[in-house]
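Here is the structure we will look at, set down as structure tokens.
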Amino acid sequence: MGRPDKSKAKKRGLRRFFSWKKLLGTFFVCCLLAMGALYVVYVMVPVPTANAEATMQSNIYKYSNGKILARTGKINREIVGLEKIPAQVQKAFVAAENKSFYKDNGVDIKGTTRAAWSTVTGKGKQGGSTITQQYVKNFYLSQDQTATRKLKEMVIAIKVDRQMSKSDILAGYMNTSYYGRSAYGIQAAARSYYGVDATRLTTAQGAYLASLLQAPNQYDWTSASATGRKLVEERWNYVLDNMVGEGWLPADERAAMKFPVPHKPKPAPGMEGQTGYIVEAANQELMRQGVSEEDIKAGGWTITLNIDEKRQKDLVKAVDRQLEAKLDRKGDKKDATVQAGATSVDPKTGAVVAMYGGVGATEHWMSNATRRDYQPASTFKPIVLASALDNRTVTQDGRQIGLGTVYDGTSKRKVVGSDIPFAPENEDNRSYGPVTVQKATNSSINSVYAQMIVDVGAAKTKKTALDLGMKDGADFGQTPAMSLGTMGASTMDMAGVYATLDNHGKKVTPTLVKAAAHRDRTVSPAKGTGEQVISREAADTVTKAMTGVVQSGSGFRAAGDYEAAGKTGTSENNRSAWFVGYTPELVTAVGLFGEDTKGNQVTLTDTINPGRANGGRTPAQIWGDYTDGALDGGSDASFDLETGDSATFDPDPTPSRSTEAPEEPTETPTTTSPDPTPPPTTTATTPPEPTRDPVTTPPEPTSEPPVTDEPSPPPSIEPPDPGSDPENADTVRPRQ
């Protein structure tokens, strides 16, 4: 006999374990076990009660003293029955998310498998959930992307589909979904995006709201990028085409539809007055600290603000007295264009103690306190001076720059040493001849500061500006025109810059949130103070220079029973007017902005007063009124300044004969300019307030106000007549 074939013996041995009968039997056993396991899971997993997100909590916002300022969350949600939602709007949601909704049993195995395969193979995440599953996720479960949660979702969806009607499930889905703009549910979304109740939604509008659910924040038309708008429009077309395909929408009706552009966002009820502005600014600050928008919208936060209740009320009262009481917003179209914004900061901590965003968040949603689309104008000039002092800059002829340095204040004088030609016009084309830097600061002389920024260097000046707290942007060009504040800035930005000067050159960042706590975590507030960004001597010298602006310059209306420093500013075409100033305890930036009903920038001329609305007029009056109240009538605190030799100066030299202004000066709004040599005495009477007469009222008086060159005028010197301001408006950007 031959030897046995070992390979055949081995195969026969393997067949004993892996015959097709045994494999088939094993497969059936595994199927039975899997079915049994699924049945056990089905029995063991109950339909839970509604989760916390389905019954959203409020966010609570508190003043610094613990008193509640606002509650948000629940007020922007209203459950509506399916009978109140148009049938075609219902179909739009089904067409967008789950065409087989009316036929499936709550899950779509094919869709789920396809989505899982796409994720595993790297083709990107795809939605495989039915409307029932999404309702279950929204109402019963969390948003966690885990296998366990997904299995529960599928099991509960099957049970819910057996227990509830398709109509109830669809209604629950439409009422629990998040649509962006703090809108939870179809009713809140209809009001937020189209200003109507859900009962009045058109098919096109319903298709847009259904499209939003894929990416609510990215697809909000009014704030979406070009890519976001393209994607949501494609999604909208997809929804309507699906409706035609399912026989839910006639093709000719579909062809006639145009994309329904939604309205601009408005705040939820309860955000009236300044509350909405403050809450939105606090939310934005939290997001910068790492809290997602979704986390904030889900609710459950207790947010304590730095806002001081008394000072907040003082600021609102000051604006009401000095601005709103003098305007006829409803009866006068020009008056209606005036917008006010303000931010007040504690320079020692960076705490934002008061904020004014506008007439009210429900009337004018964009906050005038945080917007950066207007020029800060001459309030930028102290930054130029700070950069010159910090960099120990010398003039073109080698003289160290300080408050006593003499410059040529001739109007339209061409700057020397710049590759970019620039010859700015002073207010009323007035020439001052040789003047000190102190005088140029008091009277905001454009030609002096244009030359100074060339002496320092635009790049160095910009670095100083950013170090102090301004924000970079496309409009922050490094040219001599930058000396006139031609970039964009907010009142919060400028309050931070001036607070840093007040804090002797140590960085101050305005912070609104004092503490933020959730039930399972807390968020550390932003740091309000930082390192030394310019030398103390430079910062303190700029402060000394600006005390002259309040005591004897363009900011005299801000003076009170306190020591103060500040600067006025009026931008080209009089579109904005500013006063930014500070005491040792408080820094406040006030701005007026011209804006028409379409959001375009317009002039402030002939609005709050006949002629130009100077920064030294209403903004300074608001600042003084508020500061007086915020400091309880005044303060004995004084600036602790370490200035050195750069702050010493002699009286200005005898000025050259001033050049007469042209009859119609170009590119520069007209107002009066200071007389370089003030009279020795004037009558000690309180200057009268300007009246608001009809158009027959003559323009600004042409009398020249007495303004001294010294920081502290003698007691006999009266502030300038209110009919004319010594402030110089800024000219337009140079042609290059």
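Out of the range 590-606, which residues are among the β-branched types (Val, Ile, Thr) and either at pLDDT 95 or above or closer than 19 Å to SER490 by Cβ (or both)?
Taking the range 590-606 first, the residues among the β-branched types (Val, Ile, Thr) are 590, 597, 602-603, 605.
Listed by number, the residues that qualify are VAL590, VAL602, THR603, THR605.
Based on what the data block shows, is THR405 over 30 Å from ASN573 (Cβ atoms), in contact with a Ser or Thr (Cβ under 8 Å, 6 or more places away or on another chain) and not charged (D, E, K, R)? It would help to see each step written out before you state the result.
Working: over 30 Å from ASN573 (Cβ atoms): yes; in contact with a Ser or Thr (Cβ under 8 Å, 6 or more places away or on another chain): yes; not charged (D, E, K, R): yes.
For THR405, the condition - over 30 Å from ASN573 (Cβ atoms), in contact with a Ser or Thr (Cβ under 8 Å, 6 or more places away or on another chain) and not charged (D, E, K, R) - is met.
Of LYS412, LYS381, all but one fail to be at pLDDT 95 or above, buried (at least 20 other Cβ atoms within 10 Å of the Cβ), within 37 Å of the chain's Cα centre (by Cα) and basic (Lys, Arg); the exception is LYS381.
Close Cβ contacts (under 7 Å, 6 or more residues apart or on different chains) running from residues in the range 614-643 that are closer than 17 Å to ASP502 by Cβ to residues that are among the polar types (S, T, N, Q) and assigned to a loop (DSSP other than H, G, I, E, B) comprise THR627/THR583; LEU631/THR583; SER635/THR583; ALA637/THR583.
Could you say which residue among ARG399, ARG371 is surrounded by fewer than 24 Cβ atoms within 10 Å (Cβ to Cβ) and under 30 Å from the mean Cα position of the chain (by Cα)? First the steps, then the outcome.
Details: ARG399 fails: under 30 Å from the mean Cα position of the chain (by Cα).
ARG371 is the lone residue from the list that is surrounded by fewer than 24 Cβ atoms within 10 Å (Cβ to Cβ) and under 30 Å from the mean Cα position of the chain (by Cα).
Filtering the range 537-560 to residues that are more than 15 Å from ALA495 (Cβ to Cβ) and hydrophobic (A, V, I, L, M, F, W, C) leaves ALA538, ALA539, VAL542, ALA545, VAL549, VAL550, PHE556, ALA559. Scanning the range 561-589 for residues that are touching a helix residue (DSSP H, G or I) at 6+ places or on another chain (Cβ under 6 Å) and under 17 Å from GLY488 (Cβ atoms) gives GLY569, THR570, SER571, ALA577, TRP578, VAL580, ALA589.
Yes or no: THR541 in a helix (DSSP H, G or I) and either among the aromatic types (Phe, Trp, Tyr) or out of contact with any Lys or Arg (no Cβ under 7 Å at 6 or more places or on another chain) (or both)?
Working: in a helix (DSSP H, G or I): yes; either among the aromatic types (Phe, Trp, Tyr) or out of contact with any Lys or Arg (no Cβ under 7 Å at 6 or more places or on another chain) (or both): yes.
Here the answer is yes, as THR541 does meet what is asked.
Every listed requirement among (1) under 28 Å from ALA620 (Cβ atoms); (2) part of a loop (DSSP other than H, G, I, E, B) is met by VAL261 save one, (1).
The residues of the range 178-188 that are part of a helix (DSSP H, G or I) and closer than 19 Å to SER58 by Cβ, listed by number, are GLN187, ALA188.
For (1) modelled with pLDDT under 80; (2) under 26 Å from PRO86 (Cβ atoms); (3) part of a loop (DSSP other than H, G, I, E, B), each residue gets a yes or a no:
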site: GLY127; (1), (2), (3): yes, yes, yes
site: ARG149; (1), (2), (3): yes, no, no
site: GLU153; (1), (2), (3): yes, no, no
site: TYR193; (1), (2), (3): no, yes, no
site: VAL196; (1), (2), (3): no, yes, yes
site: ALA210; (1), (2), (3): no, yes, no
site: TRP221; (1), (2), (3): no, yes, yes
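Taking the range 269-362 and the strands (runs of 3 or more DSSP E) fully enclosed by it, no element has 1 or more residues that are crowded, with 16+ Cβ neighbours inside 10 Å, in contact with a helix residue (DSSP H, G or I) (Cβ under 6 Å, 6 or more places away or on another chain) and on the phi > 0 side of the Ramachandran plot.
Could you tell me whether the range 237-248 includes any residue that is touching a helix residue (DSSP H, G or I) at 6+ places or on another chain (Cβ under 7 Å), touching a residue at least 24 places away in the same chain (Cβ under 8 Å), surrounded by fewer than 16 Cβ atoms within 10 Å (Cβ to Cβ) and closer than 25 Å to LYS137 by Cβ? Working first, answer last.
Applying the first criterion (touching a helix residue (DSSP H, G or I) at 6+ places or on another chain (Cβ under 7 Å)) to the range 237-248 yields 239-240, 242-244, 246, 248.
So of that shortlist, the ones also touching a residue at least 24 places away in the same chain (Cβ under 8 Å) come out as 239-240, 242-243, 246, 248.
Within this subset, residues satisfying the condition of being surrounded by fewer than 16 Cβ atoms within 10 Å (Cβ to Cβ) are 246.
With closer than 25 Å to LYS137 by Cβ added as a condition, the list becomes 246.
Yes, the range 237-248 has at least one match.
Taking the criterion of being over 27 Å from the mean Cα position of the chain (by Cα) and either aliphatic (A, V, I, L, M) or at pLDDT 90 or above (or both), the residues of the range 168-191 that qualify are ILE169, LEU170, ALA171, MET174, ILE186.
The combined condition, being surrounded by fewer than 24 Cβ atoms within 10 Å (Cβ to Cβ), of a type in the set (A, V, I, L, M, F, W, C) and either assigned to a strand (DSSP E or B) or at pLDDT below 95 (or both), is fulfilled by ALA526.
The values are calculated or read from the model by the stated rules, or taken from the named source; none is laboratory data. Treat the numbers as computed from the prediction; the structure is a model and nothing was measured. Neighbour counts are summed over all protein chains in view; Cβ atoms, including those assigned to glycine, are modelled from backbone coordinates with ideal geometry.
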